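What follows is a set of notes on a single structure, which appears directly below.
Bear in mind these aren't lab numbers, they're just calculated from the coordinates by the rules spelled out. All figures in this text were calculated on a predicted structure; none of them were measured in a lab. Positions of Cβ are generated from backbone atoms using ideal geometry, with glycine treated the same way; all protein chains shown enter the neighbour counts.
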Amino acid sequence: MINSSADLDDAGVATAAAWAGAEVVRAMYGRRLTRIDKGAGDFATAADVEAEKTILGVIRAARPDDAVLGEEGGRQGAAEAARQWLVDPLCGTLNYAVGNMAVAVNVALRDGAAAVADPFSGEIFFTDGESAWVRYEGADVRLAPTSATRLVDVNLDPPFPGAPGFRAVELLADPRFVESFRPRVVSTTLALAWVAAGKRAAYVTDGGDLSGSVHFAAGIALCRAAGCVVTGIDGAPVGAAGRGLVVAADRGTHQQLMSMILG
C-alpha cells in the first residue's frame, strides 16, 4: 500500500494511511503495552506510537512535500509547507488500554480530504471534501445522516472550558433531552463518523476551536461532506473563534439541542 500510494488522490492517501494505522491498532490489541505518561491522567501507548509511524510512512511516500501534525510526534516537515496532514493514530486510548474496542484512527488533510478508520468493525469512513462514503468489505456506500436512532453522544471528558455557562453533564439532566434523545458516552471521535453514517443523531462536546485538532478534524470534514449541521456549542461556525462542537444529522435535531444548550 505504501509503495503505490504516490498514485492516489488525497482521499486515497487519507484512506490508505488511516487503514494502515488501523491495522497496527488491531494487531497490537490485547497486549500488555508500554504507557507514555502525558500528565493530567492522560497517556499514550506503544500502539499509538507505532500506528502514527505507520501512518506517517504512507503520507511521506505519497506526499513527501507535505507537513504533518501528529498527536504523538508533533509537527514534522517543512515549516513553509502549503499543506498539512492532521493525524490522531488512536482516538480512544483509554478505552483501548482497558480492552474496549471503541476507538478510531483519524487522518485529515487540513481543509481537504479525510478518513476515519474503525480498526475493529472493518469500516473506513472517508471524504474527498465534497462527498462522504463508508468502505466495508471492498464496497463503498455514500453516507446518509439521519436522526432516526435518537442517540446522542456527549463527550464528558475534561477539561471543561465552557463551564459554568455550559456543562455537558447538565445537558443529560435536561428533561427536554430525556424526552427526545437517549445519551451515549463512548469517549472517542469515532462518534462523529457515526453521526455522518446515521448511527447517531448528534454529537456534543465542550472545547475551544476544534477545527484544527488532530482529534476532531477528520470527523468534522466527514460530517460536513455528508450534509450534517456543524457548529460550536454557541451556535457559531466552527473556526478560530469557535467553542466546542455540536454536530447533528439534520437541522431540526440541531435546533433542539441548541435550545437546551443556550437555554
**OP:** Could you run the Debye sum over the Cα atoms of segment 31-173, one equal point scatterer each and no solvent, and tell me log10 of I(q)/I(0) at q = 0.10, 0.12, 0.13 Å⁻¹, two decimals?
**Re:** -0.45, -0.65, -0.76
Original post:
Out of VAL24, VAL134, VAL98, any idea which swings most in a Gaussian network model of the chain, alpha carbons joined below 10 Å?
Top reply: VAL98
Original post:
Which one is right for this structure if Kirkwood radius over Cα pairs in Å is calculated from it: [x] 19.3; [y] 19.8; [z] 18.3?
Top reply: [z]
Original post:
Which length gain, in nm to one decimal place, applies between ALA139 and MET260 when the Cα-Cα distance is subtracted from 0.36 nm times their residue separation?
Top reply: 39.7 nm
**OP:** Output ³J(HN,Hα) for segment 122-132: one whole-Hz value per residue in order, computed from phi by the Karplus curve 6.51 cos²θ - 1.76 cosθ + 1.60 with θ = phi - 60°, and x for Gly and Pro.
**Re:** x, 8, 10, 9, 8, 9, 9, x, 10, 10, 10
Subject >> Principal-axis tilt of helix 10-28 within the chain, Cα atoms, nearest 10 degrees >> reply: 90
Original post:
Order of 216-224, 87-95 by packing, highest average Cβ count within 10 Å first?
Top reply: 216-224, 87-95
**OP:** Report the residue, chosen from ARG150, ARG35, ARG200, that carries the largest GNM mean-square fluctuation when the chain is represented by alpha-carbon nodes joined by springs under 10 Å.
**Re:** ARG35
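Return the calculated 222 nm mean residue ellipticity for the chain, to the nearest 500 deg cm²/dmol, obtained by summing -39500 (n - 2.57) across DSSP H runs with n ≥ 4 and dividing by the residue count.
Values: 8 runs with 82 residues, N = 263.
When only DSSP H runs of four or more count, the value is -9000 deg cm²/dmol.
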Original post:
Which far-off residues, 5 or more places away or on another chain, put their amide H under 5 Å from the one on ALA132, with H placed in the peptide plane?
Top reply: LEU143
**OP:** Mind pulling the angle between the C-alpha long axis of helix 217-226 and the longest principal axis of the chain? Nearest 10 degrees, somewhere in 0 to 90.
**Re:** 70
Original post:
Anyone know which of ALA241, ALA226, ALA20 comes out most mobile in the 10 Å Cα GNM of the chain?
Top reply: ALA241
Original post:
For helix 251-262, what angle does its Cα long axis make with the longest principal axis of the chain, in degrees from 0 to 90 and rounded to 10?
Top reply: 70
